[in-house]
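Novice: Once you've had a glance at the structure underneath, I'll fire off some questions.
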Amino acid sequence: MLHRLQCERGGETRAGTEGELRRFVLHRHRDGGGAHLDLRLEQDGYLMGYRIDGPTLEGTRWATVKAPHPTTWLTQDGEAVREDEGTYFWDSGGGHEGVLVLCGARDTVCIWVDPVDDVSAGDVAALRAAAETMGLGLGDLVALAEDGKTARDRAVARYCGLGRELDGESFDDGLWRRTLAGERLGVVQQYLHGLELRFDRKYPPLPVSQPVALEEEACGGEDSLRALSILRK
């Protein structure tokens, strides 16, 4: 399950009681999915935790729940780098939702943990499959989505601009923006192509350049003779 983590260093919270305190370890790791943090929380005989995107526990982070791990990871690091360790408690909630407080050797961090119910495993699988088809990493889809939205917004704006020019007040700008808002870029471009053809028929484009006859005087004189002599050399 995907979680949104809002992290705040040194946030004010109540102090945990001795019965609430359990151990945690924070590892920095890199694998096939890229650089990330592994937060491991002590339970009764095992560790639960989160795989967290990004190199630090600051601001908004996204995380997925990790499979249970043995408690030996509290004292071993393997290929990971130990970023911090200490005790933790839930200031409110618990399990996989609420306010988690990490009392580390380096810092105290309050983490608001919120599950994201509108993202399913099927959505993530579809994104991964799309990335593999295009030969991209899953993280590359973020920039691609931003570029695609920018291109679609520009295509919609151009469509509406041409529509107002061609149809005047009868063109319903708001209706067309709502209609095209959920369409793929290719569909918007098809609509746009139709208006561009109409626009070109109404306002035929002028040639890029037109031949201009030179005056007879421009073909003679000292300047022309000097230019010809340079070319002959």
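The values are calculated or read from the model by the stated rules, or taken from the named source; none is laboratory data. Nothing here was measured: the structure is a model prediction, and the numbers come from that model. Note that we place each Cβ from the backbone using ideal geometry, even for glycine, and neighbour counts take in every protein chain shown. When the accessible area is computed, the model is the full protein with side chains, heavy atoms only, and any ligands, DNA or RNA have been set aside. Shrake-Rupley method; radii C 1.70, N 1.55, O 1.52, S 1.80 Å.
Novice: Among (1) loosely packed, with under 13 Cβ neighbours inside 10 Å; (2) in a helix (DSSP H, G or I), which single condition is Leu166 missing?
Specialist: (1)
Novice: Could you list all residues from the stretch 37-54 that are touching a Leu at 6+ places or on another chain (Cβ under 7 Å), open to solvent by 20 Å² or more (accessible area, probe 1.4 Å) and not acidic (Asp, Glu)?
Specialist: Across the stretch 37-54, the qualifying residue is only Met48.
Novice: On to the next question. Looking at the stretch 102-112, can you tell me whether even one residue there is modelled with pLDDT of 90 or more and loosely packed, with under 14 Cβ neighbours inside 10 Å?
Specialist: Among the residues of the stretch 102-112, at least one is modelled with pLDDT of 90 or more and loosely packed, with under 14 Cβ neighbours inside 10 Å, which makes the answer yes.
Novice: Same structure, new question: Can you tell me which residues in the stretch 78-90 are at pLDDT below 90 and either outside any loop (DSSP other than H, G, I, E, B) or open to solvent by 70 Å² or more (accessible area, probe 1.4 Å) (or both)?
Specialist: Scanning the stretch 78-90 gives a single hit, Glu79.
Novice: Here is a check on your reading of the model: is Arg51 within 26 Å of the chain's Cα centre (by Cα), without any contact (Cβ under 8 Å) to a residue 24 or more places away in the chain and in a strand (DSSP E or B)?
Specialist: Numbers: within 26 Å of the chain's Cα centre (by Cα): yes; without any contact (Cβ under 8 Å) to a residue 24 or more places away in the chain: yes; in a strand (DSSP E or B): yes.
So Arg51 passes the test.
Novice: Is it fair to say Leu231 is surrounded by 10 or more Cβ atoms within 10 Å (Cβ to Cβ) and either touching a Pro at 6+ places or on another chain (Cβ under 8 Å) or at pLDDT below 95 (or both)?
Specialist: no
Novice: So which residues in the stretch 115-136 are over 26 Å from Arg178 (Cβ atoms), touching a residue at least 60 places away in the same chain (Cβ under 8 Å) and not in a helix (DSSP H, G or I), if there are any at all?
Specialist: The answer is Pro115, Val116.
Novice: Being surrounded by 13 or more Cβ atoms within 10 Å (Cβ to Cβ), modelled with pLDDT under 85 and not charged (D, E, K, R): is that true of Val116 here?
Specialist: Details: surrounded by 13 or more Cβ atoms within 10 Å (Cβ to Cβ): no; modelled with pLDDT under 85: yes; not charged (D, E, K, R): yes.
Considered against the rule, which asks whether it is surrounded by 13 or more Cβ atoms within 10 Å (Cβ to Cβ), modelled with pLDDT under 85 and not charged (D, E, K, R), Val116 comes out as no.
Novice: Could I ask something else about it? Can you name the number of the only condition in (1) open to solvent by 100 Å² or more (accessible area, probe 1.4 Å); (2) assigned to a helix (DSSP H, G or I); (3) at pLDDT below 90 that Pro211 fails?
Specialist: Here Pro211 clears every test but (2).
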